[in-house]
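Take a look at the structure below.
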Amino acid sequence: MPVAIITGASKGLGRALAAALAGRGWDVVLDARTPRLLAEAAEALRASGTRVTALVGDVTDPAHRAALVAAAHDLGGLDLLVNNASALGAEPLVRLAELTPEGLREALETNVVAPLGLIREALVPLRCAPAGAVIDISSDAAVEAYGTWGGYGASKAALDQLSAVLAVEEPALRVWAVDPGDLRTDLYRAAVPADPEEGLRPAPESVVPAFLRLLDARPASGRYTAADLMAATVTEEATVSGRER
């Protein structure tokens, strides 16, 4: 069975992706910092029959990153790395004039340095996989200038560039930076606690088909938005349906 490492997998998009992969027969290694939530996520997946290794820890810890890759090895290898764990740098978000250097460092450490560290740990098994891939979770804040999103956006822009360079250096792998769009998650709630449109934002599960499309179609490495991937999926399904008629 294929094996995936998913960071930040106790809730939100990470948990939704883990559930979708488990439903397809994948084995998964999950990471999160909150023991109770991670245990609940892992137990739900094990109930479906998938093999799950859940490791509590922080992706900024090199020893924890090494343990994640070792756990994947114990499950048979590594086919997919999903760098989903993220930090805002300030909760709630603040203007750059108020963002502390410590806050920016936290965002950079979690959103850029840790993914690079995990990628370095995972490169050998990913190269050995028949279809090795890396998915780095990006944000529209990486390409648009939104007030108060400067530190977080800068870290995600750096992650986009890291992904692009990795794709050039590792042409045998697929490296996708994916902007999932604004979702109803705890991260967004922490960023903007009084957001009046929170209830209108889609659930993380709604964009999972976009990620599954990446794994099925394996487009060229690059930056994608979930919205575009979803639209392409709908178009293809409509085309196939028309042919069947």
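A few notes on this one:
- The one condition in (1) under 21 Å from Leu78 (Cα atoms); (2) surrounded by 14 or more Cβ atoms within 10 Å (Cβ to Cβ) that Ala131 fails to fulfil: (2)
- Of everything in the range 140-173 that is of a type in the set (A, V, I, L, M, F, W, C) and out of contact with any helix residue (DSSP H, G or I) (no Cβ under 8 Å at 6 or more places or on another chain), the residue that is surrounded by the fewest Cβ atoms within 10 Å (Cβ to Cβ) is Val168.
- Some residue of the range 174-181 being surrounded by fewer than 22 Cβ atoms within 10 Å (Cβ to Cβ), of a type in the set (Phe, Trp, Tyr), closer than 26 Å to Ala227 by Cβ and in contact (Cβ under 8 Å) with a residue 12 or more places away in the chain: no
Residue by residue, here is whether (1) of a type in the set (Gly, Ala, Ser); (2) modelled with pLDDT under 95; (3) under 14 Å from the mean Cα position of the chain (by Cα) holds:
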residue: Ala154; (1), (2), (3): yes, no, no
residue: Leu159; (1), (2), (3): no, no, yes
residue: Val168; (1), (2), (3): no, no, no
residue: Pro171; (1), (2), (3): no, no, no
residue: Trp176; (1), (2), (3): no, no, yes
residue: Asp179; (1), (2), (3): no, no, yes
residue: Leu183; (1), (2), (3): no, no, yes
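- When each of Ala44, Ala90, Ala54, Ala85 is tested for being among the aliphatic types (A, V, I, L, M), in contact (Cβ under 8 Å) with a residue 24 or more places away in the chain and touching a Ser or Thr at 6+ places or on another chain (Cβ under 6 Å), the lone residue that passes is Ala85.
- Selected residue [modelled with pLDDT of 95 or more, assigned to a helix (DSSP H, G or I) and surrounded by 23 or more Cβ atoms within 10 Å (Cβ to Cβ)] from Leu68, Leu37: Leu68
The values are calculated or read from the model by the stated rules, or taken from the named source; none is laboratory data. Since this is a predicted model, take the numbers as computed values, not measurements. Note: ideal-geometry Cβ built from the backbone for every residue, glycine included; neighbour counts use all protein chains shown.
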